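Q: Dropping the structure in here first, questions after.
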Amino acid sequence: MLFSNVCIGQQNLPDPLEAGWKGESVCEILEENENIRVLQCTFEPGVGHDRHFHAAHFGYTLVGGKFQITDTNGTREVNVPTGYDFYNEHIDWHEVLNVGDSTAVFLIIEPK
(Lines give C-alpha, C1' and ligand atoms only; values in the text may rest on other atoms or scores of the structure.)
Protein backbone atom coordinates (compact mmCIF):
# COMPACT_ATOMS: atom_id res chain seq x y z
CA MET A 1 0.00 0.00 0.00
CA LEU A 2 2.05 2.91 -1.18
CA PHE A 3 5.27 2.51 0.76
CA SER A 4 9.02 2.72 0.27
CA ASN A 5 11.71 0.08 0.69
CA VAL A 6 14.88 1.55 2.20
CA CYS A 7 16.49 -0.53 4.92
CA ILE A 8 16.96 1.21 8.26
CA GLY A 9 17.31 -1.87 10.44
CA GLN A 10 14.12 -3.85 10.70
CA GLN A 11 15.46 -5.61 13.78
CA ASN A 12 14.97 -2.31 15.64
CA LEU A 13 11.36 -1.83 14.54
CA PRO A 14 8.21 -3.69 15.55
CA ASP A 15 6.11 -5.63 13.07
CA PRO A 16 2.52 -4.43 12.41
CA LEU A 17 1.02 -6.47 15.25
CA GLU A 18 3.54 -5.16 17.80
CA ALA A 19 3.55 -1.53 16.63
CA GLY A 20 0.14 -0.27 17.73
CA TRP A 21 -0.64 3.40 18.29
CA LYS A 22 0.42 5.24 21.42
CA GLY A 23 0.69 1.97 23.32
CA GLU A 24 -2.64 0.54 22.13
CA SER A 25 -3.06 -2.29 19.62
CA VAL A 26 -4.58 -1.49 16.24
CA CYS A 27 -4.20 -4.99 14.77
CA GLU A 28 -5.56 -8.31 15.94
CA ILE A 29 -4.77 -11.84 14.81
CA LEU A 30 -7.68 -13.44 12.97
CA GLU A 31 -5.78 -16.61 12.07
CA GLU A 32 -2.26 -17.90 12.59
CA ASN A 33 -0.81 -21.27 11.69
CA GLU A 34 2.43 -22.66 10.30
CA ASN A 35 1.72 -21.16 6.85
CA ILE A 36 0.15 -17.72 7.39
CA ARG A 37 -0.73 -14.98 9.83
CA VAL A 38 -3.86 -12.96 9.12
CA LEU A 39 -4.30 -9.57 10.79
CA GLN A 40 -7.21 -7.17 10.88
CA CYS A 41 -6.05 -3.60 11.52
CA THR A 42 -8.62 -0.96 12.49
CA PHE A 43 -8.00 2.78 12.48
CA GLU A 44 -10.59 5.14 13.92
CA PRO A 45 -10.28 8.81 12.91
CA GLY A 46 -7.15 10.27 14.51
CA VAL A 47 -5.63 6.83 15.11
CA GLY A 48 -2.49 5.71 13.34
CA HIS A 49 0.14 3.00 13.31
CA ASP A 50 3.48 3.81 14.89
CA ARG A 51 6.61 3.28 12.80
CA HIS A 52 6.97 -0.39 11.88
CA PHE A 53 8.15 -2.75 9.16
CA HIS A 54 6.36 -5.40 7.11
CA ALA A 55 7.61 -8.73 5.82
CA ALA A 56 6.03 -9.97 2.57
CA HIS A 57 2.26 -9.50 2.73
CA PHE A 58 -0.98 -9.19 0.82
CA GLY A 59 -3.44 -6.58 1.99
CA TYR A 60 -7.09 -5.84 1.33
CA THR A 61 -9.01 -2.74 2.35
CA LEU A 62 -12.26 -3.81 4.02
CA VAL A 63 -13.26 -0.19 4.72
CA GLY A 64 -11.30 2.61 3.09
CA GLY A 65 -10.21 5.95 4.45
CA LYS A 66 -7.90 8.94 4.15
CA PHE A 67 -4.38 8.49 5.52
CA GLN A 68 -1.25 10.50 6.12
CA ILE A 69 1.68 8.24 5.30
CA THR A 70 5.29 8.90 6.28
CA ASP A 71 8.20 6.87 4.88
CA THR A 72 11.54 7.53 3.18
CA ASN A 73 9.68 9.40 0.42
CA GLY A 74 8.38 11.96 2.91
CA THR A 75 4.85 12.59 4.12
CA ARG A 76 1.75 12.58 1.95
CA GLU A 77 -2.02 12.12 2.15
CA VAL A 78 -3.63 9.20 0.35
CA ASN A 79 -7.25 8.15 -0.12
CA VAL A 80 -7.39 4.36 0.16
CA PRO A 81 -10.67 3.08 -1.31
CA THR A 82 -12.70 0.18 0.01
CA GLY A 83 -11.82 -2.94 -1.98
CA TYR A 84 -8.25 -1.82 -2.73
CA ASP A 85 -5.74 -4.69 -2.65
CA PHE A 86 -1.96 -4.63 -2.58
CA TYR A 87 1.09 -6.86 -2.30
CA ASN A 88 4.54 -5.92 -1.02
CA GLU A 89 7.66 -8.08 -0.82
CA HIS A 90 8.54 -5.99 2.23
CA ILE A 91 8.31 -2.50 3.64
CA ASP A 92 11.39 -1.40 5.52
CA TRP A 93 9.43 1.19 7.51
CA HIS A 94 6.43 3.44 7.46
CA GLU A 95 3.94 5.06 9.79
CA VAL A 96 0.37 6.06 9.07
CA LEU A 97 -2.37 8.23 10.55
CA ASN A 98 -6.08 8.16 9.73
CA VAL A 99 -6.79 11.80 8.88
CA GLY A 100 -10.27 11.04 7.56
CA ASP A 101 -13.60 11.18 9.35
CA SER A 102 -14.45 7.46 9.29
CA THR A 103 -12.99 4.22 10.65
CA ALA A 104 -10.81 2.31 8.16
CA VAL A 105 -10.16 -1.44 8.31
CA PHE A 106 -7.47 -3.52 6.57
CA LEU A 107 -6.90 -7.24 6.24
CA ILE A 108 -3.19 -8.21 6.11
CA ILE A 109 -2.12 -11.73 5.12
CA GLU A 110 1.51 -12.66 5.78
CA PRO A 111 2.95 -15.93 4.47
CA LYS A 112 5.45 -17.62 6.76
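The values are calculated or read from the model by the stated rules, or taken from the named source; none is laboratory data. These numbers come from a predicted model, not from an experiment. Using ideal geometry, Cβ is built from the backbone for each residue, glycine included, and neighbour counts are taken over all protein chains shown. For accessibility, only protein heavy atoms count, side chains too; no ligands or nucleic acids. Shrake-Rupley method; radii C 1.70, N 1.55, O 1.52, S 1.80 Å.
Q: Scan the stretch 61-77 for residues that are surrounded by fewer than 16 Cβ atoms within 10 Å (Cβ to Cβ) and either touching an Asp or Glu at 6+ places or on another chain (Cβ under 7 Å) or touching a residue at least 60 places away in the same chain (Cβ under 8 Å) (or both) and report the count. Write out each step before concluding.
A: Keep residues of the stretch 61-77 that are surrounded by fewer than 16 Cβ atoms within 10 Å (Cβ to Cβ), which gives 62-63, 68, 72-77.
From what is left, the residues that are either touching an Asp or Glu at 6+ places or on another chain (Cβ under 7 Å) or touching a residue at least 60 places away in the same chain (Cβ under 8 Å) (or both) are 68, 72-73.
Qualifying residue count, the stretch 61-77: 3.
Q: Is the stretch 40-52 home to any residue that is open to solvent by 50 Å² or more (accessible area, probe 1.4 Å), within 10 Å of the chain's Cα centre (by Cα) and more than 12 Å from Val26 (Cβ to Cβ)?
A: yes
Q: Would a scan of the stretch 17-35 turn up a residue that is under 19 Å from Tyr87 (Cα atoms), assigned to a strand (DSSP E or B), touching an Asp or Glu at 6+ places or on another chain (Cβ under 6 Å) and at pLDDT 95 or above?
A: Within the stretch 17-35, not a single residue is under 19 Å from Tyr87 (Cα atoms), assigned to a strand (DSSP E or B), touching an Asp or Glu at 6+ places or on another chain (Cβ under 6 Å) and at pLDDT 95 or above.
Q: Next up: Filter the stretch 68-86 down to residues that are more than 19 Å from Asp15 (Cβ to Cβ) and either assigned to a strand (DSSP E or B) or in contact with a Lys or Arg (Cβ under 7 Å, 6 or more places away or on another chain) (or both), then give me how many there are.
A: 9
Q: Are any of the residues in the stretch 87-105 out of contact with any Phe, Trp or Tyr (no Cβ under 8 Å at 6 or more places or on another chain), open to solvent by 50 Å² or more (accessible area, probe 1.4 Å), in a loop (DSSP other than H, G, I, E, B) and closer than 24 Å to Asn12 by Cα?
A: Looking for residues that are out of contact with any Phe, Trp or Tyr (no Cβ under 8 Å at 6 or more places or on another chain), open to solvent by 50 Å² or more (accessible area, probe 1.4 Å), in a loop (DSSP other than H, G, I, E, B) and closer than 24 Å to Asn12 by Cα, one finds at least one in the stretch 87-105, hence yes.
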